[in-house]
Amino acid sequence: MNVRKHRLTMMLVGILTFSFHALAQNQEAAMLIMGAMGVNPDSVPISREECIDIALSQSPTIRIADMEVKRVNYSKRETIGNLLPQIGFSLSYQRSIELQTIRMNMGGESQKLKMGSDNTWNTGFSLSLPIIAPALWKAISISDTQIAQNIESARSSRLELVNQVNKAYYALMLAISSKDVIKQNYDIAKYTAEVYKNQFEQGTASEYDVLRSEVQVKNIEPTLLDADISVKQCQLSLNVLMGIDDALNLYPTTTMEDMQKDMYGYLLESKSLANNSSLRSLELQQKMAAQNVTLKKFAWIPTLGASFNLNWLSLSNGGMFNDLDFSPYSNVGLSLSVPIFSGGTKWNQMKQAQVQVAELGLQRENLINSLNMQVDLALDNINRQVKQIDSSKEGVRQAKKAHDIMLKSFQIGAASYLQLRDSELADTSAQLSYLQAIYNYLVSTSELDLLLGKDSAIVKANLSK
């Protein structure tokens, strides 16, 4: 059985990693391949870690976040490019329709002279270079902070996706385990109905007993159908988060009971909020706001730029290309810009930026207090759920024992069918409560990992690629 599970798992990872797009485009071919390998396409086992790995590589949200990081990195390069020499080439042509006329006195007589030429060609190269540009210098450091903020945003998206996959996987485990419990109760009720039917045929049971047991079977069937629907819905939710085809019915490689055996190994090494994504994002916003204050102050600093132009000019009469004779001319210069008065706009812009820094500082204090409270509440919930699990587990043991006692009493005629049925319902309810308690614990630990910004699942997923 272990060899088969390993084979199925390796096959699934290979298919999903190598050809997800092909799988979506050619569903029939994928099903044929899986059938040839002896795998039922309707039941594919997969671990939680594999679900996270696939989701991180396929989710459109994650890919969008990564592309945003690339976009901001290009924006930084654009800012750096503004500090480099800017070189351009130009070519212009001008045709005179009517030449300018001037009047001059020559020899005591007034004469009219035409000035200019029919054709004017002007071409050349220009170069400009900023020498003193404090605003551009500061914009580079702001771009670095923006890149860090986008990287943190991408990390936050990954953490949130891991949490969603965890909860979807746990929900699927709960749905399957709950369905098994309900199916067990259904099988018992169906078996009891068959016993009463046989006894009725032999004359040892009444028709009322047969009808009552068969009605009980019919009463459980809708609950069993709801359990099937719940399993299917959980599978679809997990498929959506992983970005895979809905036709693949994934099943966990472990059960809620198996998870319960290892759940007490959850250790909280530290309550530090240093890795909390919301806090880190707010701190980066603070840093960017402080840099923006400096940028506003730099608006008062003079800027200095250098320029160089090398051009060729050709003047001619007649046709457009007649007598082309280009003569070179060039110049070099410096340009100094000194801000003196701008109606107080720079001052007010700087004050706005300073107020924003103060606001973000207050938001950070409030966020830290809120996060610390959330961590304490999460730990209290986890501790309470651990106790609930122990209590529910003991309840399952007691309900099972009570049911065994009532079953033996019923078999010897010392208990009625109603008493037996009550013990079966109590046993089923105890098992479902136990499974729900395990699910609540697992979800709470996943939410706490998200709150503390634990990215071990992301690191493992990246290392596995």
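Taking the conditions exactly as written (more than 20 Å from residue 137 (Cα to Cα), surrounded by 15 or more Cβ atoms within 10 Å (Cβ to Cβ) and free of Cβ contacts under 8 Å to residues at least 60 places away in the same chain), does residue 50 satisfy them or not? So residue 50 fits the description; yes. Among the residues of region 72-88, not a single one is out of contact with any His (no Cβ under 8 Å at 6 or more places or on another chain), surrounded by 10 or more Cβ atoms within 10 Å (Cβ to Cβ), within 23 Å of residue 316 (Cα to Cα) and of a type in the set (D, E, K, R). Name the residues in region 336-352 that are under 45 Å from the mean Cα position of the chain (by Cα) and not in a helix (DSSP H, G or I), would you? Within region 336-352, 342, 344 qualify. Residues that are outside any loop (DSSP other than H, G, I, E, B), at pLDDT 90 or above and more than 39 Å from the chain's Cα centre (by Cα) do occur in region 383-394, at least one of them.
Given the structure, is residue 96 touching a residue at least 24 places away in the same chain (Cβ under 8 Å) and in contact with an Asp or Glu (Cβ under 7 Å, 6 or more places away or on another chain)? Step through it out loud before you land on a result.
Working: touching a residue at least 24 places away in the same chain (Cβ under 8 Å): yes; in contact with an Asp or Glu (Cβ under 7 Å, 6 or more places away or on another chain): yes.
The answer is yes for residue 96.
State all residues of region 337-393 that are hydroxyl-bearing (Ser, Thr, Tyr) and out of contact with any Gly (no Cβ under 9 Å at 6 or more places or on another chain); if no residue qualifies, say none.
Here is the first cut: in region 337-393, the ones hydroxyl-bearing (Ser, Thr, Tyr) are 337, 342, 345, 370, 391-392.
Result: 342, 345, 370, 391, 392.
Look at (1) of a type in the set (A, V, I, L, M); (2) crowded, with 16+ Cβ neighbours inside 10 Å; (3) part of a loop (DSSP other than H, G, I, E, B) and you find that residue 274 fails only one, number (2).
Under the condition of being among the charged types (D, E, K, R) and not in a helix (DSSP H, G or I), which residue from region 204-258 is surrounded by the most Cβ atoms within 10 Å (Cβ to Cβ)?
Residues of region 204-258 that are among the charged types (D, E, K, R), as a first pass: 207, 209, 212, 214, 218, 221, 226, 228, 232, 245-246, 257-258.
Still in the running and not in a helix (DSSP H, G or I): 245-246.
Numbers: 245: 14, 246: 12.
Going through the qualifying residues, I end up with 245.
The values are calculated or read from the model by the stated rules, or taken from the named source; none is laboratory data. Remember, predicted model here, so these are calculated numbers, not experimental data. Virtual Cβ from ideal backbone geometry, glycine too; neighbours counted across all protein chains shown.
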